[in-house]
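A.B. asks: If you scroll down you'll find the structure; I have some questions about it.
The values are calculated or read from the model by the stated rules, or taken from the named source; none is laboratory data. In this text, all values refer to a predicted model and were calculated from it rather than measured experimentally. Backbone-built Cβ (ideal geometry, glycine too); neighbour counts: all protein chains shown.
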Amino acid sequence: MAKTCAFKAEIRQMLDLVIHSLYSKKEIFLRELISNASDAIDRAKYLALTDATIAPEAPEWTIRLTADATAHTLTIEDNGIGMNAQEMEDALGTIAKSGSKAFAEALKEGKETNIPELIGKFGVGFYAAFMVADGVTVDSLRRGEGQTPVKWMSAGDGEYTMDEGSRTTPGTSITLHLRPDQEQFATGWTLKDLVRRYSDFIAYPIYLHEEDTEPAKDEKAAADKAAEEAKPLNTMVALWKRSKNDVKQEEYEAFYRQTLHGTGEPLKTLHIAAEGTLEYRALLFLPKTVGMEMMMPGNKHGLSLYVRNVFIGDEIEALTPSWLRFLKGVVDSSDLPLNVSREMLQDDAIIRKIRSDVTNRILKALAEMAKEQPEQYETFTTALGDFLKEGYHSDWENREKITELLRFRNLKDGKYTSLKDYKTAMAEGQKSIYMLTADSLQAAQQSPCLEQLKAKGYDVLFLTTPVDQFIAADFYEYDKTPIVFADKGDLDLADESEKKTLDETSKTLQPLLETITKQLEATVKEVRLTSRLTDSPCCLVQDPSALSPAMRRMLEAMGQNVPEDKRILELNPDHTLIKSLSGMTDEAQRSDTIDLLYGQACLAEGTLPPDPAKFNRLVAALMAR
Ligand code: ADP
């Protein structure tokens, strides 16, 4: 009663491409077949709810792999719903399934390397078996009354044969006759590894039986083997599928360390069960620290993705914005097709929604942490604050929320301060928020540019990390209050009478200003008097648009050619040194003093004087005098 049929054209075409594709990850066939087996059991269980003839024996639902290294075969067996002849023909031989048709259309325009991904996308995963097998036999007995077993066989060459099957119990066995170069798929350790990697959270136990290549040595060896084979290869229940209340903190932590390779304890765990228009589950971890390599934006990162308990891949960058690359965890969605490619994920609408939801939840969790667990939030700021700042720079959609989460060390007590708290505590009459970029907290605290601000009792926020230097230009306003950098432009802090005095002094000191300008012409753009200083004789400032000195040094260290931009030297007219300089008649002495003055201004902002050796000599001579 065997009958041989030709595959429909589209299937033949597809098979041809599958078999000859150079796709390297042929191993994905196993997860496709195991996933089909799991679906078949799901379906049997579901139908059994309303039909007593489906599973009267109430079986243990299982998936069994049998590897025969001698015969080079691998069998994947399930006791799920099974197929009758008609179902088998529909499912495996015709284009009744819309998937094959859509697949065939995609083929016409598609690139050959994408084939296996297309297989998954269009729900024709069964055919992936032909990547590793040159003969496939499907033997099935449909559950329910009055069914007869049926068999389907094909070499993937354009034809398939259907015949009476040999199964006596309901379910399906799929036997692959492995191609000569794919024989590793009949070895136990390869299968164990693949199941753990791709199918660990399949909800039914997957057992492995290896046919003996030689008889067991003795009874004990045989018993040991049987005991080993009685253990499922997969752990079955995904942690994220369980209810939050059922999972212990230790379990989360073990998962964080063992599966995600996290170190120590996570700073925060988020167990998400999103329901409604967007349904997905996720288990996310914020680490306490990250390695330096993470700071590099090109570094590989991303969450792992599961679709219906089946592992799709790790480092799925599409699931998070780049600034959240420190995040570890998994996302599981039932709305995605199995075996979607990374490229497809990039512009998948569901993935985009998940990314946005994940980002929002992280931002919300951080806001809560900042409010309720300030100590923990400080740990976060210290270890991961730079990522948040990168987010402030790059994630426009979330800039407002991120702004509220930023913390900066302040002048007043060196503590982390939010822009909101800064603004609330602003002194009377203070019109701007003041910031300063510097190499370190210490350098910032000692900058002469802050003297007048200190005198007025204004607080200042410091930007001292490498990322700060890059993003400083993004800070120009917070909640309608301008942000002003203490070392840039005119701080405009003097009142009318102070301004008048300054103008008059400028006139008197004009000859001195000209002399200094002339002497420092090569390095300084302008020399002017300031009210910015109270204790120091001078300081270097910049135009509001200029690169900060720290940023300049960093770019130069990275080998970049940074265009020169000259600084402005500001003098404190009330300082005795400036006063005596203006009265100095000995030209050589005046010139040396100007060099010393300038060198000092450089040191104050953390840069070397232009001629350090000369500066040293001048200091020594001064001390000797
Ligand atoms: P998909 O599973 O996405 O529908 P496949 O090509 O993997 O696509 O499978 C085609 C069809 O074959 C399935 O929809 C199902 O009807 C049937 N099938 C495959 N494997 C099994 C199995 N183990 N038990 C019962 N039916 C199966």
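A.B. asks: F485 passes all but one of (1) surrounded by fewer than 20 Cβ atoms within 10 Å (Cβ to Cβ); (2) over 30 Å from N360 (Cβ atoms); which number fails?
C.D. replies: Just one mismatch for F485, condition (1).
A.B. asks: Further question on the same structure: Under 7 Å by Cβ, and 6 or more places apart or on different chains, what pairs join a residue from region 561-586 that is free of Cβ contacts under 8 Å to residues at least 60 places away in the same chain with one that is among the aromatic types (F, W, Y)?
C.D. replies: Taking only residues 6 or more apart or on different chains, the pairs are L569/Y598.
A.B. asks: Looking at (1) modelled with pLDDT under 95; (2) touching a helix residue (DSSP H, G or I) at 6+ places or on another chain (Cβ under 9 Å); (3) closer than 17 Å to L33 by Cβ, which is the one condition that is false for T235?
C.D. replies: Of (1) modelled with pLDDT under 95; (2) touching a helix residue (DSSP H, G or I) at 6+ places or on another chain (Cβ under 9 Å); (3) closer than 17 Å to L33 by Cβ, only one is false for T235: (3).
A.B. asks: Can you tell which of D39, D68 is among the charged types (D, E, K, R) and either farther than 21 Å from R167 by Cα or under 41 Å from the mean Cα position of the chain (by Cα) (or both)?
C.D. replies: Within the list D39, D68, the selection yields D39.
A.B. asks: Residues Y207, Y160, Y252: which one is crowded, with 16+ Cβ neighbours inside 10 Å, of a type in the set (S, T, Y), in contact with a helix residue (DSSP H, G or I) (Cβ under 8 Å, 6 or more places away or on another chain) and within 24 Å of L327 (Cβ to Cβ)?
C.D. replies: That would be Y252, the only listed residue that is crowded, with 16+ Cβ neighbours inside 10 Å, of a type in the set (S, T, Y), in contact with a helix residue (DSSP H, G or I) (Cβ under 8 Å, 6 or more places away or on another chain) and within 24 Å of L327 (Cβ to Cβ).
The rows are residues; the columns are (1) in contact with a strand residue (DSSP E or B) (Cβ under 8 Å, 6 or more places away or on another chain); (2) without any contact (Cβ under 8 Å) to a residue 12 or more places away in the chain; (3) within 14 Å of the ligand (Cβ to nearest atom).
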| residue | (1), (2), (3) |
| --- | --- |
| I11 | no, no, yes |
| H20 | no, yes, no |
| L33 | yes, no, yes |
| A37 | yes, no, yes |
| I41 | yes, no, yes |
| A58 | no, yes, no |
| T62 | yes, no, yes |
| D68 | yes, no, no |
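A.B. asks: Also, quick follow-up: Quick check on my filter: what residues within region 573-598 are over 13 Å from K614 (Cα atoms) and hydroxyl-bearing (S, T, Y)?
C.D. replies: T576, S580, S582, T585, listed by residue number.
A.B. asks: Looking at region 297-315, which of its residues are within 21 Å of N398 (Cα to Cα) and not small (G, A, S)?
C.D. replies: P297, H301, L303
A.B. asks: What tally of residues in region 300-315 results from selecting those that are under 9 Å from the mean Cα position of the chain (by Cα) and either surrounded by 15 or more Cβ atoms within 10 Å (Cβ to Cβ) or at pLDDT 85 or above (or both)?
C.D. replies: Of the residues in that region, 4 qualify.
A.B. asks: Quickly run through region 222-250 and pick out the residues that are closer than 15 Å to P205 by Cβ, not hydrophobic (A, V, I, L, M, F, W, C) and not in a helix (DSSP H, G or I).
C.D. replies: Matches in region 222-250: K231, P232, N234, T235.
A.B. asks: Within region 193-216, which residues are part of a loop (DSSP other than H, G, I, E, B) and modelled with pLDDT of 90 or more?
C.D. replies: Hits for region 193-216 are Y204, P205, E211.
A.B. asks: Got a number for residues in region 72-87 being within 15 Å of W152 (Cβ to Cβ), among the aliphatic types (A, V, I, L, M) and more than 7 Å from the ligand (Cβ to nearest atom)?
C.D. replies: 2
A.B. asks: Residues that are on the phi < 0 side of the Ramachandran plot, charged (D, E, K, R) and modelled with pLDDT under 95: which helices (runs of 4 or more DSSP H) entirely in region 372-426 hold 2 or more of them?
C.D. replies: 374-394
A.B. asks: Yes or no: S536 under 14 Å from T607 (Cα atoms), among the hydroxyl-bearing types (S, T, Y) and touching a residue at least 60 places away in the same chain (Cβ under 8 Å)?
C.D. replies: no
A.B. asks: OK, next. What residue, among those in region 137-161 that are within 17 Å of K8 (Cβ to Cβ) and of a type in the set (S, T, Y), is farthest from the ligand (Cβ to nearest atom)?
C.D. replies: Ranking the qualifying residues of region 137-161, first place goes to T161.
A.B. asks: For A494, all conditions in the list (1) modelled with pLDDT of 85 or more; (2) surrounded by 12 or more Cβ atoms within 10 Å (Cβ to Cβ); (3) assigned to a loop (DSSP other than H, G, I, E, B) hold save one; what is the number of the exception?
C.D. replies: Going through the list (1) modelled with pLDDT of 85 or more; (2) surrounded by 12 or more Cβ atoms within 10 Å (Cβ to Cβ); (3) assigned to a loop (DSSP other than H, G, I, E, B), A494 breaks only (1).
A.B. asks: Based on what the data block shows, is Y377 of a type in the set (S, T, Y), over 17 Å from D468 (Cβ atoms) and buried (at least 21 other Cβ atoms within 10 Å of the Cβ)?
C.D. replies: Yes, satisfied.
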